[in-house]
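As C-alpha cells, the structure follows; a few thoughts come after it.
The values are calculated or read from the model by the stated rules, or taken from the named source; none is laboratory data. Just so we're clear, the structure is a prediction, and the values are computed from it rather than from any experiment. As a convention, Cβ positions derive from the backbone with ideal geometry for all residues, glycine included, and neighbour counts pool all protein chains shown. Just so you know, the surface numbers come from the protein's heavy atoms only, side chains and all, with ligands and any DNA or RNA stripped out. Shrake-Rupley method; radii C 1.70, N 1.55, O 1.52, S 1.80 Å.
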Amino acid sequence: MLETWVVAPTCLPVVLRRCHACASERFRANGKFRVNAHHKLIDAWLLVLCTRCGETAKLTVLERTNVRSVRPALLARLHDNDPALAAELLQDPVLRRRNRIALDWTDAWRLETGGSDHVGLDREVIDVTVRFAARIPVRPVRLIAEGCGLTRAEVERLIEEGNLVSATRLTGRLSDDFTFTLKH
C-alpha cells in the first residue's frame, strides 16, 4: 500500500536580509504590499518587517512597469494585500535573486502523514510518496525520521543497510516530490 505524506507550509518563511537600522538579518513578511503609480508606470513592493527593530523593508515585485502590461487579477491581489500572493512571490527565484534575499523555513512547515503517527511500522514493507505543497528545502532523512517515529541515526543506518531505498538521493536537502521504500 502506498502512503502519501505532504510537506505543507504553516506560515510565511523568515526573509534573510540585513536590516539597515539594526543590522539584524531576519525579516517577517506579513502579506502587505505597497503599490505606487506614476501615470502609466507602476511600482509594487512586498513589505517585510525586521524581527528585532520593526523597521520596514521593501522587496521589489514590479519596477517601472507599464500598467497595461500587468494582469488585472495580479493588480487586484496586490491592492487586496493577498497573503497567498506573498507566499507565491517569496517562492519565486527571480524575485529572491533581484532582492538578494534567502528564506529560512525553520518552524514554518509541517509534515502531514494522513492522520496516522509513525506510519506503517507494523508492516513489513512501506512505500511512501512525499509531496511538497511549496518549495520548502528539507532533509529527507529528517522527514522520514519524523514520519516513522525514528531517530535520524536509525534512518541513516537503514539507508546504509539497504533497507531504506529511493530513486532520489536521500542526503542533502530536497524540495521536490520523491518516493521511498522502507523494509523492516
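Details
- One residue alone among 52, 68, 28 is in a strand (DSSP E or B), touching a residue at least 12 places away in the same chain (Cβ under 8 Å) and not hydroxyl-bearing (Ser, Thr, Tyr), and that residue is 28.
- Residue list for the stretch 134-151, restricted to those being open to solvent by 50 Å² or more (accessible area, probe 1.4 Å) and in contact with an Asp or Glu (Cβ under 9 Å, 6 or more places away or on another chain): 135
- Residues in the stretch 44-66 that are over 14 Å from residue 34 (Cβ atoms), open to solvent by less than 50 Å² (accessible area, probe 1.4 Å) and out of contact with any Ser or Thr (no Cβ under 9 Å at 6 or more places or on another chain): 54, 65.
- Across the stretch 109-121, a minimum of one residue is classified as surrounded by 16 or more Cβ atoms within 10 Å (Cβ to Cβ) and at positive phi.
- The criterion of at least 3 residues that are within 30 Å of residue 36 (Cα to Cα) is met, among helices (runs of 4 or more DSSP H) falling completely within the stretch 80-168, by 83-91, 93-98.
- Test: residue 34 is assigned to a strand (DSSP E or B), open to solvent by 70 Å² or more (accessible area, probe 1.4 Å), more than 30 Å from residue 131 (Cβ to Cβ) and at pLDDT 95 or above: yes
- Checked against the criterion of being open to solvent by less than 40 Å² (accessible area, probe 1.4 Å) and among the small types (Gly, Ala, Ser), the candidates 86, 73 yield just one match: 86.
- Restricting the stretch 169-184 to residues that are in a loop (DSSP other than H, G, I, E, B) and open to solvent by 60 Å² or more (accessible area, probe 1.4 Å), the residue that is nearest to residue 112 (Cα to Cα): 177
- The stretch 43-80: number of residues that are in contact with an Asp or Glu (Cβ under 8 Å, 6 or more places away or on another chain), within 24 Å of residue 20 (Cβ to Cβ) and among the hydroxyl-bearing types (Ser, Thr, Tyr): 1
- Residue count for the stretch 11-25 under the criterion of being free of Cβ contacts under 8 Å to residues at least 40 places away in the same chain and open to solvent by less than 40 Å² (accessible area, probe 1.4 Å): the result is 3.
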